[in-house]
Amino acid sequence: MSTHIAVRDLCLYYGRNCVLKDLSLEIQRNEIFTIIGPANSGKSSFLQTLNRLNELHAEFRKTGSVTLGAEDIDTIDVEQLRARVGIVFALPFPLPLSIFDNITYGPRMHGIRQKTQMTDLVERSLREAYLWDEVKDRLHHPAMNLSGGQQQRLCIARVLAGQPEVILFDEPTSGLDPISTARVEETMMVLRGRYTIVLVTNNVAQAARVGTRTAFFLMGEMVEVGDTKDVFTRPSDSRTDEYVTGKFG
Amino acid sequence: MNVRTQQRIAVGFLFFCTVLVVLPVLVILGIITYKGFSALSFEFIFGMPKSGMNAGGIFPALLGTIYLVTGAILFAVPLGVLSAIYLVEYSRDNAISRLIKLAIVNLAGVPSVVYGLFGLGVFVVFLGFGVSILSGSLTLGIMILPVIITASREALESVPQSFRIVSLSLGASRWQTIRHAVLPHALPGILTGTILGLGRAAGETAPILFTVAAFYLPRLPESVFDQTMALPYHLYVISTQVPGIREDFRFGTALVLLLLVLILNFAAIILRYRFRKKKRW
């Protein structure tokens, strides 16, 4: 195991409001790192720092450093960084294009034009996201016509098409029914071992099911981090224990 | 009075007011068509004016208006759309951008005759374009600029924020995001603004009065530095400045102006419809 993402003394602010304090942690290559915690614990803000999506917010500021492999993320060209560190949002946001054009959107923006290359990419990404069999006959239909769960797996396929190293999941199943949730979780399990995955979730059970390591965030601080089974079975902090057993949250 | 009666009275009154709005439109259309239709002929539309505008046709004025509207649109749409893109997509909310927005709103409130004087001062005299199609088009263009900017801004702002975030998160640059994820969905709204501007540019008299319009010029313009007749000014001239013009010629001219604006609008609406059909969500 080698360190893929290293976070040192990271503090995040929106205006004067500090949403995350002095975070240091390391995420290993090809693990599923899960982050749990109640609302306003800073976990989504942390996630969106990893591909600098926070910077769209005019008031956002950060101190400390985040390195991806050996590079500081602030020194990487932001368009390249976002292709290398893909994100799947809480709600599936297909662009109002066909399934095919949704998946090729990122690669097209990075200059890929060849039809055969794109066709291969679409099939590979959809197979990886376990959506190929359901949509292979209607690749040129609008993506908006898919069901919610299918749309979310389409969004995963769309991220995969950019050939990322890291995939961020920002509460990817909070808007889905249980069956669609199970499908998305299966997809994550399949991707495990090939990509470094960081999953932020409100669903404690989900973190326990898919995670290799888990961090517990509370009010902008990381209370605890460790192997998922340790965090859930013998947490070292009483607040973690109370949260994972459902006493608050 | 019980609730039901109140309800009936309210609905009846609202309906009455709505009909009142439609009424003037119908009456205007009706009278102009009734009195002007008999003047319409091939010669009237495609002929040169003769014998002190009391015979012949209005072709120079019709073509002049088409040139002026085209010129105004060519100038105002790119400029308006691009500045709207800057305001919505790039500018931060600060004192300068608020000042710009305020200026645009105020530009929309300036009386059209003031645009005419402005055009005379800047394009005709200062820049030396003379009384010409170029000066007239630019003056009309500036007049419709706020309409186009405002409509384009609204169109851009109505594109869901999620499209931008998704596009950026997939590694697209800001400009690629605008070009591929925002602009295609704002086009119908931008076209609506263009339609509104177009109708205004075709119908205004004051801005072209000092900058381009010729009283009587029975030939076609040869370059953008030529003067030209224009329909709204021609209508004004034959209705008020020259006594004894046949009534059907006056109403016929008004009818042609109306039809021109309707045809231009209709073309733009069809274009907008085709763009809308392409957007599938």
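The values are calculated or read from the model by the stated rules, or taken from the named source; none is laboratory data. Only a predicted model underlies this, so the values are computations on that prediction, with no experimental measurement involved. Neighbour counts are summed over all protein chains in view; Cβ atoms, including those assigned to glycine, are modelled from backbone coordinates with ideal geometry. The accessibility values were calculated without ligands, DNA or RNA, using every heavy atom of the protein model including side chains. Shrake-Rupley method; radii C 1.70, N 1.55, O 1.52, S 1.80 Å.
Observations, loosely collected:
- Inter-site label distance for B:Val27 and B:Phe15 at 7 Å from Cα along Cβ, in nm: 2.2
- Summed over both chains, the contact between A and B buries some 1900 Å² of accessible surface at a probe radius of 1.4 Å.
- Centroid-to-centroid, using Cα positions, segment B:82-113 and segment A:1-48 are 40 Å apart.
- Length-normalised contact order of segment A:101-235 in % [C-alpha pairs under 8 Å, at least 6 apart]: 20
- Approximate spin-label separation A:Lys229-A:Gln28, in nm, with each point projected 7 Å along Cα-to-Cβ: 1.3
- Volume per residue of the C-alpha convex hull in chain B, rounded to whole Å³: 208
- Of the trypsin sites (Lys or Arg not before Pro) found in segment A:6-53, the ones in coil according to DSSP and having at most 13 other Cβ atoms within 10 Å of their Cβ are A:Arg16.
- Buried on complex formation within segment A:52-71 (loss of at least 30 square angstrom of accessible surface versus the isolated chain, 1.4 Å probe, ligands and nucleic acids ignored): A:Leu56, A:Ala58.
- Cα-based helix-to-principal-axis angle, A:148-161 vs chain A, degrees rounded to 10: 90
- Per-residue SASA entry for B:Tyr236, accessible area with 1.4 Å probe, Å² rounded to 10: 100
- Shielding by other protein chains, A:95-101, mean Cβ within 10 Å: 4
- Average Cα contact separation per residue, chain A, under 8 Å, 6 or more apart, as relative contact order %: 28
- Annotation: per residue accessible area for segment B:59-278 equals 46 Å², rounded to a whole number [probe 1.4 Å, protein chains only].
- Positive-pole candidate from A:Met144, A:Ser41, A:Met219, dipole of segment A:3-244, charges at beta carbon: A:Met144
- Pairwise alpha-carbon distances in the protein assembly as shown exceed 45 Å for 39% of all pairs.
- In terms of packing, defined here as the mean over residues of other Cβ atoms within 10 angstrom, the peptides A:131-137, A:155-161, A:165-171, A:69-75 line up highest first as A:155-161, A:165-171, A:131-137, A:69-75.
- When only the Cβ of Lys, Arg, Asp and Glu is charged (+1, +1, -1, -1), the dipole of segment A:37-100 relative to its Cα centre reaches about 240 debye.
- Between the Cα long axis of helix A:115-128 and the first principal axis of chain A there is an angle of about 50°, rounded to the nearest 10.
- Span-like helix criteria (full DSSP H runs; alpha carbon extent of at least 15 Å along the helix axis; mean Kyte-Doolittle hydropathy of at least 1.0) are satisfied in chain B by B:3-36, B:59-85, B:95-109, B:133-157.
- Cβ-based net charge around A:Ser44, under 12 Å, with every Lys or Arg adding one and every Asp or Glu removing one: -1
- Among the listed pairs A:Lys43/A:Lys229; A:Lys62/A:Lys229; B:Lys101/B:Lys277; A:Lys43/A:Lys136; A:Lys136/B:Lys277; A:Lys43/B:Lys277, those beyond 29 Å (Cα-Cα): A:Lys62/A:Lys229; B:Lys101/B:Lys277; A:Lys43/A:Lys136; A:Lys43/B:Lys277
- Efficiency of FRET from Cβ geometry, A:Asp72 and A:Asn40, R₀ 25 Å, rounded to 0.05: 0.35
- Bins of 10 Å, starting at 0 and running to the largest distance - Cα pair percent for chain A: 7, 31, 35, 21, 5, 0
- Taking Cβ atoms as reference points and 10 Å as the exclusive limit, the residues near A:Ala83 contribute a net charge of -1, counting Lys and Arg as +1 and Asp and Glu as -1.
- Förster radius 60 Å - calculated FRET efficiency between B:Asp93 and A:Ala182, Cβ distance, rounded to 0.05: 0.85
- Descending by average beta-carbon neighbour count within 10 Å, the peptides B:264-271, A:200-207 line up as A:200-207, B:264-271, the highest first.
- Panel note: contact residues of segment B:53-95 (accessible area lowered by at least 40 Å² against the chain on its own; 1.4 Å probe) correspond to B:Arg92.
- Taking only protein heavy atoms and a 1.4 Å probe, the accessible area of segment B:126-281 is 63% carbon and sulfur.
- Net charge, B:Val113 excluded, C-beta distance under 15 Å - Lys, Arg +1, Asp, Glu -1: 0
- The phi-based Karplus calculation (6.51 cos²θ - 1.76 cosθ + 1.60; θ = phi - 60°) puts the 3J(HN,Hα) values of segment B:229-239 at 6, 9, 4, x, 5, 4, 4, 4, 4, 6, 8 Hz, whole numbers, x for Gly and Pro.
- Using a probe of 1.4 Å on the protein chains alone, the accessible area found for B:Thr240 is around 80 Å².
- Complex-versus-alone comparison for segment B:156-171, residues with a loss of 30 Å² or more in accessible area, probe 1.4 Å: B:Ser162, B:Phe163, B:Ile165, B:Val166, B:Leu168, B:Ser169, B:Leu170, B:Gly171
- Calculated FRET value between B:Gln6 and B:Val242, using beta carbons and R₀ = 45 Å, to 0.05: 0.20
- Put simply, when A:106-112, B:201-207, B:23-29, A:146-152 are sorted by average Cβ atoms within 10 angstrom per residue, most first, you get B:201-207, A:146-152, A:106-112, B:23-29.
- Chain A: angle of helix A:99-109 to the longest principal axis, Cα-based, in degrees nearest 10: 70
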